[in-house]
1. Over region A:115-398, what relative contact order in percent results from Cα pairs under 8 Å that are six or more residues apart?
2. Quick one: angle between helix A:326-345 and the longest Cα principal axis of chain A, in degrees between 0 and 90, rounded to 10, please.
3. Which whole-number percentage describes the relative contact order of region A:335-377, with Cα contacts under 8 Å and a sequence gap of 6 or more?
4. Which of the peptides B:238-246, A:88-96 is most tightly packed, and how do the rest follow, judged by the mean count of other Cβ atoms within 10 Å per residue?
5. In degrees, nearest 10, range 0 to 90: what is the angle between the Cα axis of helix A:88-107 and the longest Cα principal axis of chain A?
6. For region B:311-385, divide the Cα radius of gyration by the Kirkwood radius and give the resulting Rg/Rh value with two decimals.
7. Sort A:234, A:333 so the one with the fewest other Cβ atoms within 10 Å of its own Cβ comes first.
8. For the protein assembly as shown, report the convex hull volume of the alpha-carbon atoms normalised per residue, in Å³, without decimals.
């Protein structure tokens, strides 16, 4: 379906440029994004001119002209122009003020449905439940859990309600069937969640290894040729490097999502948990899934000199054995839990109707941040909850 | 590349190679005389660090050395970066006293004269009297501006230890049959070889000073490599090499003006909070060791002012895309940093009065008794006694 057409001639060019760029990339937008930009475009067409007065007055002072900013074009030079402009802080403030007017109007048109974000931590973290989620514990409450004797059953019990990977009752599958293919995501460091996701969207840091290595080699090659000035130029150069070995090679939307996640997300190429966190943040921001299962792992210790060999295969670069960094991973994840929860809270789709379940494999407590009517929310303090029962609660909440 | 350009422009290579040894001796004596004057060392927490992880109450445990030194100096708890929030422009603003808006990745020199150029031009100071020792490998053009009336002939020597380390380590990785990174002797051998092959290959600017002087410089840098490689803690980071080279340059040449740029904490971009915290603590330790050197080295003791500050903060946890990973949001966490002044001529105290990054060069100029026209920044008078 072609992008919708809007009349933006009354919108200042530095604002319209971003919007036009999104319309140009229409085929690589998720349904939730298309819906947002459709509503935004409709709103902007009728927006009162006063909304843009401050920006219209600022642009000439910044040196914006019709030749440096032709309508309908948005280039890297323009990004640099904004970043280096002495009035950039003022420009940002005005843009924020404009969105402060737009967002409530658009939020009012957003239909909320019950959603769930499940965040899984690995079993090897060296802390107990009292120190697992210190940044978030005040937002919800710790709920005692019944831990199965075989802790490898934890995830199947939670996601399928059974210990034997019954995909028919997988939350991911049920949600995908009810709400569409991009409504349910699993994102993980390892490659175990695929077992619960046939129709859902599944991303694995390990699963993308071949593609990651190819990207790293290309980045290394380009960096050594010395032709690239910075990350933005590098990003442009690498836009053609879509996955060909990964599972989404035939899906342009997901191929672009993966490419952008790996190349625009700082350490996503290098650190497993950074990939999982940034991919989850991007999924929330862009696809607005009803169910997101994010599963972190343990990152490796940094080897001597490896900070100098960013784009080398660390296993091949040195004979020093790879070691897991449990404590470092714990410290990293504590921050990521907060960032994930915070990101979802920015969007009307998630506010007041999302249950956040923070669990660690084998840990006998979870952190639950949920609306009062989430089915488990009235558990008696001290009463232990089974993972099967938690699975049922999630199904009830999602209505699947 | 920069060195070659400079030599071509200034003709110094030939001119100084034909200087008689007696003149070289005079030069060295003049350097000794200058060493008796006031000195300034600027230390940047490059890569950017938030107040939350440093001088905020919850961050103090990450910086035990600086926290302990704070009562000994003057502390500005609100040092603002009002410029472009890229590394090169932030540090260029610090060393020029004007907000810089040049290429973010160091492909252009600062547009305003640096404090190094002001200092060398006003004092007719020799090239060994001003140094930039920077872990950030894109700082090759940080030592001088593109101003025609200043420029490279008045600039600082620029040493980029990480680039040297990078070349050595890559060379070893690409020839795995010869050695391995766990073989520190192999790393050392490769570092020395690169240094002997010339500074240009690693982007450094070292002013030629004649055969004797060149040998002296090279011997000094080589000794620093030895201390780095053979130290009891087996250091491996770019910042550690930056420290060892800085200390050796201080001991041998006692420059009056020095910028030391640490950089390891930019690992935050990798998205590992724990590695970011470790880098902060390492930078704190190295800055503390640098202060120890200033306090104990007779050429610096009692005549040196040290100004320590982050080149920028990093994004706050709330309302930004990914908090500590980035530094472009322009939020208060990103712009509001701190400055700690220590040493000679510094009053003890603290203030929440805002100062800004461009005030640093103006303050350094005041300490060095320089008339540095054209700076936007103003000297931080509170610390000048």
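What follows is calculated from the coordinates using simple rules that are stated; it is not laboratory data. Because the structure is predicted, anything quoted here is derived from the model rather than measured. Reconstructed Cβ throughout: ideal geometry from the backbone, glycine too, with neighbour counts over all protein chains shown.
1. 36
2. With both axes taken from Cα atoms, the answer is about 60 degrees.
3. 27
4. In decreasing order of mean packing, B:238-246, A:88-96 become B:238-246, A:88-96.
5. For helix A:88-107, the angle is close to 60 degrees.
6. 1.08
7. A:234, A:333
8. About 169 Å³ per residue, rounded to a whole number.
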